[in-house]
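Here is the structure we will look at.
Every number here is computed from the coordinates shown, using simple stated rules; none is lab data. For clarity, every value in this text was computed on a predicted model and none was experimentally measured. As a convention, Cβ positions derive from the backbone with ideal geometry for all residues, glycine included, and neighbour counts pool all protein chains shown.
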Amino acid sequence: MAEKTTLQKDFYRESGSWLSTVQIWKKCINPNLHFIYLLRITQKHPKNTFSGKFWRLILRHYQIKYGFQIYPETQIGAGLYLGHWGALVINPKAKIGKNCNIAQGVTIAQANRGRNEGVPEIGDEVWIGPNAVLVGNIRIGNNVLIAPNAYVNFNVPSNSVVVGNPAQISPNENATYDYINNKIE
């Protein structure tokens, strides 16, 4: 069996099935999947080439249309799942692991000063709920659930649930159980 592409892995998360290129394209009627498709295509093309500039222009149009501010420079692992569309901001220097779910209204931002100056690094199998804010040079471990409306500006260990503003951490070995479906390897 041929190695699956990152794009196929992203679409597998939504459907639970391995899709052909034509099947992927048909699913692009969904704004979330359409944006992921355009993001991954744009990431394949070097920035300073004609094709890179072309795809960045197309992606920019859909960033504005759908409300996703995710740039091709952002390092995002395979199996990205955007639960809903609109008002999503991710700093281009952020790093996000594989099998991550990101809901609407989420901000993953840079802190410009202070002890946490920098951008977040997010592990594998992280579920980020609606309107959560992650800011600064912080590390989010693997298997972490960040509840809706949480404000996180500190490191979070693996196998945790984060709730509230100010956020509180609760250890939980099954933090993302039934929240992250159709995981890819």
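How much length, in nm to one decimal, is gained on full extension between residue 15 and residue 50, taken as 0.36 nm per residue of separation minus their Cα-Cα distance? Working shown, then result.
Values: separation 35, 0.36 × 35 = 12.60 nm, distance 3.31 nm.
Using 0.36 nm per residue and subtracting the Cα-Cα distance, I get 9.3 nm.
So what is the calculated 222 nm ellipticity per residue for the chain, using -39500 (n - 2.57) for each DSSP H run with n of 4 or more, over all residues, to the nearest 500 deg cm²/dmol?
About -8000 deg cm²/dmol.
Using the structure shown, list the pairs from 4/183; 65/95; 9/44; 4/98 with a Cα-Cα distance above 21 Å, or answer none. The partial results should precede the final answer.
Working: 4/183 13 Å; 65/95 24 Å; 9/44 15 Å; 4/98 14 Å.
In this structure, 65/95 lie more than 21 Å apart at Cα.
About its Cα centre, what dipole magnitude does the chain give when the only charges are +1 on Lys and Arg Cβ and -1 on Asp and Glu Cβ, stated in debye to the nearest 20? Walk me through the intermediate numbers first.
Values: 19 positive and 11 negative charges, 159 e Å.
In debye, rounded to 20, the chain gives about 760.
Do you know the relative contact order of region 1-71, to the nearest whole percent, from alpha carbon pairs under 8 angstrom that are 6+ apart?
Working: 46 pairs, mean separation 16.3, N = 71.
Over region 1-71, the number comes to 23 percent.
Going toward the positive end of the dipole of the chain, with +1 on Lys and Arg Cβ and -1 on Asp and Glu Cβ, which of 46, 166, 99 do you reach last?
46
Return the label of the correct value of percent of Cα pairs over 20 Å apart, as calculated from the structure shown, out of (1) 56; (2) 62; (3) 52.
Identified label for the calculated read-out: (3).
Just to confirm a number: summing +1 for Lys and Arg and -1 for Asp and Glu over residues other than residue 178 whose beta-carbon lies under 15 angstrom from that of residue 178, what do you get?
Values: positive: 13, 183; negative: 125, 173.
Taking every other residue near residue 178 into account, the sum is 0.
Starting from 0.36 nm per residue, how many nanometres of slack lie between residue 116 and residue 57 once their C-alpha separation is accounted for?
18.0 nm
Full-extension gain between residue 170 and residue 154, please, as 0.36 nm times their residue separation minus the C-alpha to C-alpha distance.
On the way: separation 16, 0.36 × 16 = 5.76 nm, distance 1.38 nm.
Answer, rounded to one decimal: 4.4 nm.
If each of residue 179 and residue 84 carries a label point 7 Å out from its Cα toward its Cβ, how far apart are those two points in nm?
1.6 nm
Please list 3J(HN,Hα) in residue order for region 104-114, calculated via the Karplus relation 6.51 cos²θ - 1.76 cosθ + 1.60 where θ = phi - 60°; whole Hz, with x for glycine and proline.
5, x, 6, 10, 10, 10, 8, 9, 8, 7, x
Taking Cα centroids, how far is region 91-113 from region 17-34 in Å?
Cα centres, region 91-113 to region 17-34: 24 Å.
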